[in-house]
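Peer 1: What follows is a structure written as structure tokens; I'll ask about it next.
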Amino acid sequence: MSSDLPAQIRASLQGQGLPTPSLAWIRGAMPNRNPQPPLQVLVATVKTRLLAADLTTPGLLEPAAAFPANISNPETKETKLSQEIPVQILDIENLSKSKWEQVEEIEAIARGEQTRGREVIRLPTTNEDDENANGVASEGAPPPATARTAAINANIANAAAAARNATHRLVLQDCRGQKVHGLELRRVDRLGVGIACIGEKIVLKRGATVARGVVLLEPTMCAVLGGKVDAWHRAWVDGRLERLKEAVGADVRG
């Protein structure tokens, strides 16, 4: 392995606005092949592994790329981040819908009545579609599958519109394991339930505002990089309905 390959990969990742991993971590993330693939392939491989990694992994990032120790202090009215800080999403919540509305939405998805994000789960087939599929055309009926396609497109459009009009609260974690809430001050398109993934990486930019211990998120002050930690995301999705039901029950009891 060329001794300057890890440095070249790191420089390329920096140029893409990604968190800067240590040279030792990059060496471990490179494929064990001789000869090594071209630099472009190596960068893509390391980038994919970086976005799928837990940022708290020892030796992955420099400890300096982290929140100040007192970041969550609610007594601090307002402060600004003095440097870029890479974080990962641990939780995301839609504040524009009640917890009970979210329970009903998840249960509707499970019944096949809605879409999850941009993924079509299942839509019921209308009698009109069945007649068309069997070659029996009713008067004024659309061509086969047209009604089904229109319903799918309408559901996707509704989901996208709902995300655009929502406000989200996130739990963010830095490389030291510190957890801080983030709140959308202005809509960030790539954030949303069913859009963002658990473990997804975000870079909070220098100058981002932290008010009363909460990072205020807006498009100009953060960059959503993508990625996810598969095990975390599966556990979050699988447990979300139960968590919402417990929260609804707690609200009722309270």
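Peer 1: Give the residues of region 1-10 that are among the aliphatic types (A, V, I, L, M) and in a helix (DSSP H, G or I), sorted by residue number.
Peer 2: Passing the criteria: LEU5, ALA7, ILE9.
Peer 1: Looking at PRO63, PRO38, PRO19, which one is in contact (Cβ under 8 Å) with a residue 24 or more places away in the chain and loosely packed, with under 11 Cβ neighbours inside 10 Å?
Peer 2: After ruling out the rest, the residue left standing is PRO63.
Peer 1: When you look at ALA53, is it of a type in the set (A, V, I, L, M, F, W, C) and exposed (fewer than 15 other Cβ atoms within 10 Å of the Cβ), yes or no?
Peer 2: no
Peer 1: Among the residues of region 183-194, count how many are under 13 Å from the mean Cα position of the chain (by Cα) and buried (at least 17 other Cβ atoms within 10 Å of the Cβ).
Peer 2: Residues flagged as under 13 Å from the mean Cα position of the chain (by Cα) and buried (at least 17 other Cβ atoms within 10 Å of the Cβ) within region 183-194 amount to 5.
Peer 1: Okay, moving on. If you take the residues of region 21-48 that are in contact with a Gly (Cβ under 7 Å, 6 or more places away or on another chain) and among the small types (Gly, Ala, Ser), which of them is farthest from ALA11 (Cα to Cα)?
Peer 2: Ranking the qualifying residues of region 21-48, first place goes to ALA24.
Peer 1: Give me a count of the residues in region 147-201 that are at pLDDT below 60 and touching a Leu at 6+ places or on another chain (Cβ under 8 Å).
Peer 2: Qualifying residue count, region 147-201: 4.
Peer 1: Restricting to region 209-230, what's the tally of residues that are touching a residue at least 60 places away in the same chain (Cβ under 8 Å) and either assigned to a loop (DSSP other than H, G, I, E, B) or in contact with a helix residue (DSSP H, G or I) (Cβ under 7 Å, 6 or more places away or on another chain) (or both)?
Peer 2: Within region 209-230, residues that are touching a residue at least 60 places away in the same chain (Cβ under 8 Å) and either assigned to a loop (DSSP other than H, G, I, E, B) or in contact with a helix residue (DSSP H, G or I) (Cβ under 7 Å, 6 or more places away or on another chain) (or both) number 7.
Peer 1: How about region 195-215: which of its residues are buried (at least 16 other Cβ atoms within 10 Å of the Cβ) and among the aliphatic types (A, V, I, L, M)?
Peer 2: Matches in region 195-215: ILE195, ALA196, ILE198, ILE202, VAL203, LEU204, ALA208, VAL210, VAL214, VAL215.
Peer 1: Select from region 47-74 the residues that are assigned to a loop (DSSP other than H, G, I, E, B), touching a strand residue (DSSP E or B) at 6+ places or on another chain (Cβ under 8 Å) and aliphatic (A, V, I, L, M) and list them in ascending order.
Peer 2: Result: LEU55, LEU60, ALA65, ALA66, ILE71.
Peer 1: Which condition from (1) surrounded by fewer than 16 Cβ atoms within 10 Å (Cβ to Cβ); (2) in contact with a Lys or Arg (Cβ under 8 Å, 6 or more places away or on another chain); (3) at pLDDT 95 or above; (4) not polar (S, T, N, Q) is the one that ALA231 breaks?
Peer 2: (2)
Peer 1: If you take the residues of region 11-38 that are in a helix (DSSP H, G or I) and touching a helix residue (DSSP H, G or I) at 6+ places or on another chain (Cβ under 6 Å), which of them is nearest to ALA65 (Cα to Cα)?
Peer 2: In this case the residue turns out to be LEU23.
Peer 1: Also, quick follow-up: Scanning region 83-103 for residues that are outside any helix (DSSP H, G or I) and of a type in the set (D, E, K, R), which turns out modelled with the lowest pLDDT?
Peer 2: LYS97
The values are calculated or read from the model by the stated rules, or taken from the named source; none is laboratory data. The model shown is predicted, which means the values in this text are computed figures rather than measured ones. All Cβ positions, even for glycine, are placed from backbone atoms using ideal geometry, and neighbour counts span all protein chains on display.
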